[in-house]
Each structure stands twice: as C-alpha cells, then as structure tokens.
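The values are calculated or read from the model by the stated rules, or taken from the named source; none is laboratory data. Just so you know, these numbers come straight off a predicted model, no measurement behind them. Note that each Cβ is placed from the backbone with ideal geometry, even for glycine, and that neighbours are counted across all protein chains shown.
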Amino acid sequence: MSRSKKDDLVFKALANNDRRKILDLLKNYDKTTGEICKEFKNLDRCTVLQHLRVLENAELVITRRDGRQKWNYLNISPIQGIYNRWIKSYAAPAADMLTRLKSDLESTRQE
C-alpha cells in the first residue's frame, strides 16, 4: 500500500472523536475489547468494534488474541509518521519566526 493511502487511513481514523477516545484509553494501558466497550456507555458493542476495525486498518491499534479475549495495543508509529511528514515540516518555520520575534522584542526592550 502506498504511503499516501496509509496516511489517508490514519487521518480518517483520527477524524472521529470516539476513535480518538479509544486511542486515549490505550495510551497508558493495553485493554481488552470488552474493557473498551464498557467505557462507551452511549455506543453499542458493534459500533465500538467498527471503530476498532478502522483503527486496526490504519495500524493505530495492534491486536492479540489470548483465549477468548482480544487485547488491543496502541501503535504510535503511524502518528509519528504523520507528524514527521506533515506537522514537523509545517511547524518549523512558525517556530523559527516566533524565536526571531522573541529575540527582536527582547533586544528592543534592552535599548
């Protein structure tokens, strides 16, 4: 799969608030699918499973079966790839500009 198609899957996955909440749940601890479903009282199990599939397709969540339980693990590599490709390159000029502005303001105050 091409890099741009993978990026599209990540952006699509991150576009939904419930999916971002799932990623937040997995940030500190791995969870079973049942544990994740319990956190979403306003959603039925099928909807949560659909969200998990979208996250798996984007490779943001990695799963492992252990008997009857399915464990979900956060994979930050796709987010890091998005950061490196899109955010970092666009943020650097703005950060440079703010650093120059701060320096200019400080030198003006000293005069």
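Taken over the range 15-41, the criterion of being farther than 13 Å from LYS70 by Cβ and either among the basic types (Lys, Arg) or touching a Lys or Arg at 6+ places or on another chain (Cβ under 7 Å) (or both) is satisfied by ARG19, ARG20, LYS21, LEU25, LYS27, LYS38, LYS41.
Any residue at all in the range 54-63 that's in contact (Cβ under 8 Å) with a residue 12 or more places away in the chain, surrounded by 11 or more Cβ atoms within 10 Å (Cβ to Cβ) and farther than 27 Å from ASP7 by Cα? No: the range 54-63 contains no residue that is in contact (Cβ under 8 Å) with a residue 12 or more places away in the chain, surrounded by 11 or more Cβ atoms within 10 Å (Cβ to Cβ) and farther than 27 Å from ASP7 by Cα. Evaluated against (1) exposed (fewer than 13 other Cβ atoms within 10 Å of the Cβ); (2) modelled with pLDDT of 95 or more, SER2 falls short on exactly one condition, (2).
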